[in-house]
Amino acid sequence: MDRQHVSCCVTGGGPAGMMLGVLLARAGVDVLVLEKHKDFLRDFRGDTIHPSTLRLMEELGWLDDFLKLPHQEVKQLFGQFGHTRVKLADFSTLPISTKFIALMPQWDFLDFLAEKGRAYPKFALKMCAEATDLIHDGNNITGVKVTTPQGPLTVTADLVVAADGRSSTLRNAAGFVSESFGAPMDVMWFRLPRLPSDTEETQGRFDAGHIFIMLQRGDYWQCAYVIPKGGDAKVRAAGLDAFRKAVGALLPFEASRADAIVDWDHVKLLTVVVDRLKEWARPGLLCIGDAAHAMSPVGGVGVNLAVQDAVATANLLWQALKEKRATFDDLKKVQARREFPTRATQRLQLAIQNAVIAPTLAKTKELKPPLLLRLFNAFPFLARIPARVIGLGFRPERVSDAIRAGKCA
């Protein structure tokens, strides 16, 4: 069995894990990121890079390079409620230079971070490496057991960070307790071809019994067909023709475009979960991102909350890790910093789920927008509020001056 020791071992090469690994390495901390897959090429993941994350790219001096990657810019969000069109958010009013959401395949984002990380001598990324269990020394967690194609690997570390998603192996191994808040819906994801004559707008349609989201991705639409919780089997049992017909009725162009859904393999299910750990840390172990709090897809903020967690973790812990003096109290500071924005965001998501999504899916008669959204049309400046909440969040993080300048490395 091979053995390796690092100051920090991060399990999970998603947005939280990769961002944390790169920032710690930039700060001169010896860090290893473990990713169980051979690459980042997995479709229908969170592909929204919000203004808060774009601002971080700018702070690190990477924004120009980042925006050279293929992406689409969303400066406004619109919703169609029955026959009424509503501007839901206007990001052009944000008080920062990056006044838009960038729609970008998550694998491009992660590859970009990996490339930046490799510029730092202290950064290591190991693919096809799955953390399967924790290593304990009394009450302290001192490392992880890893499976690789070359055989088992033991990684010992001063700190293990679980960033391995909502079904985190390590958070389960540590016995963390989560509080689940429920969700009235699941989401069926698929692509439809986009023609040059189509609208440029990313948009959502809300009709009686139906919610349909379309993200403009250049030559295709990334589509989200929202269904009642647990309704996937019922939809599939009704047959592909019925599904294509239902989708076609919601399209803002010819219904025949839905014929591009040639089989069920092209339709992926996102089981919506909203939960939050009561405690994010054990001695030697910290959970961040979806491993600490699974977010609803409402607002598409999950990726950006995870990135914010990573920035806060790096800001709070880099010096203690570099000096080999990180304590359990230091780890708990991450939860103390990030719990408020997580709670606030989830409360808002749950309110929208309960006030808009669940009633819409249950509706059988003509749908009208809620009063609050009707006010958005009467007073257009109100669209600045959701733009601020979605685009920047409740407590947007900034990279510390020391990490930003790289003077700590």
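The values are calculated or read from the model by the stated rules, or taken from the named source; none is laboratory data. In this text, all values refer to a predicted model and were calculated from it rather than measured experimentally. When we count neighbours, we look across all protein chains shown, and the Cβ atoms used for this are built from the backbone with ideal geometry, even at glycine.
Can you tell me which residue among 98, 84 is closer than 30 Å to residue 25 by Cα and touching a Pro at 6+ places or on another chain (Cβ under 6 Å)?
Among 98, 84, only 98 is closer than 30 Å to residue 25 by Cα and touching a Pro at 6+ places or on another chain (Cβ under 6 Å).
Suppose the filter is touching a residue at least 40 places away in the same chain (Cβ under 8 Å), aliphatic (A, V, I, L, M), closer than 30 Å to residue 150 by Cβ and assigned by TED's automatic domain parsing to the domain that holds residue 311; does residue 125 pass it?
Yes, satisfied.
Can you pull out the residues in region 128-176 that are over 17 Å from residue 5 (Cα atoms) and of a type in the set (A, V, I, L, M, F, W, C)?
128, 163, 170, 173, 174, 176
Kindly establish whether residue 194 is surrounded by fewer than 21 Cβ atoms within 10 Å (Cβ to Cβ), basic (Lys, Arg) and closer than 30 Å to residue 2 by Cα.
It is false that residue 194 is surrounded by fewer than 21 Cβ atoms within 10 Å (Cβ to Cβ), basic (Lys, Arg) and closer than 30 Å to residue 2 by Cα.
Among the candidates 360, 342, which residue alone is surrounded by 12 or more Cβ atoms within 10 Å (Cβ to Cβ), modelled with pLDDT of 95 or more and among the β-branched types (Val, Ile, Thr)?
342
Applying the selection to region 253-272, what residues are in contact (Cβ under 8 Å) with a residue 60 or more places away in the chain and not charged (D, E, K, R)?
If the condition is that a residue be in contact (Cβ under 8 Å) with a residue 60 or more places away in the chain and not charged (D, E, K, R), then 258, 260, 261, 266, 267, 269, 270, 271, 272 are the ones that fit.
Every residue, every condition in (1) surrounded by 19 or more Cβ atoms within 10 Å (Cβ to Cβ); (2) part of a loop (DSSP other than H, G, I, E, B); (3) touching a residue at least 60 places away in the same chain (Cβ under 8 Å), yes or no:
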{"position": "183", "(1), (2), (3)": "yes, yes, yes"}
{"position": "198", "(1), (2), (3)": "no, yes, no"}
{"position": "201", "(1), (2), (3)": "no, yes, yes"}
{"position": "213", "(1), (2), (3)": "yes, no, no"}
{"position": "223", "(1), (2), (3)": "yes, no, no"}
{"position": "230", "(1), (2), (3)": "no, yes, no"}
{"position": "236", "(1), (2), (3)": "no, no, no"}
{"position": "246", "(1), (2), (3)": "no, no, no"}
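Could you tell me which of the residues 141, 135 is surrounded by 21 or more Cβ atoms within 10 Å (Cβ to Cβ), modelled with pLDDT of 95 or more and either within 30 Å of residue 328 (Cα to Cα) or in contact with an Asp or Glu (Cβ under 9 Å, 6 or more places away or on another chain) (or both)?
141
Based on what the data block shows, is residue 152 in the same structural domain as residue 297 (by TED's automatic domain parsing) and not polar (S, T, N, Q)?
Here the answer is yes, as residue 152 does meet what is asked.
Kindly indicate whether any position in region 198-207 is in contact with a strand residue (DSSP E or B) (Cβ under 7 Å, 6 or more places away or on another chain) and modelled with pLDDT of 95 or more.
no
Exactly one of (1) surrounded by fewer than 21 Cβ atoms within 10 Å (Cβ to Cβ); (2) at pLDDT 95 or above; (3) not hydrophobic (A, V, I, L, M, F, W, C) is unmet by residue 150. Its number?
For residue 150, the failing item is (2).
Yes/no per residue for (1) assigned by TED's automatic domain parsing to the domain that holds residue 277; (2) of a type in the set (D, E, K, R); (3) more than 29 Å from residue 226 (Cα to Cα):
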site: 324; (1), (2), (3): yes, yes, yes
site: 327; (1), (2), (3): yes, no, yes
site: 333; (1), (2), (3): yes, yes, yes
site: 344; (1), (2), (3): yes, no, no
site: 349; (1), (2), (3): yes, no, no
site: 359; (1), (2), (3): no, no, no
site: 366; (1), (2), (3): no, yes, no
site: 383; (1), (2), (3): no, no, no
site: 398; (1), (2), (3): yes, yes, yes
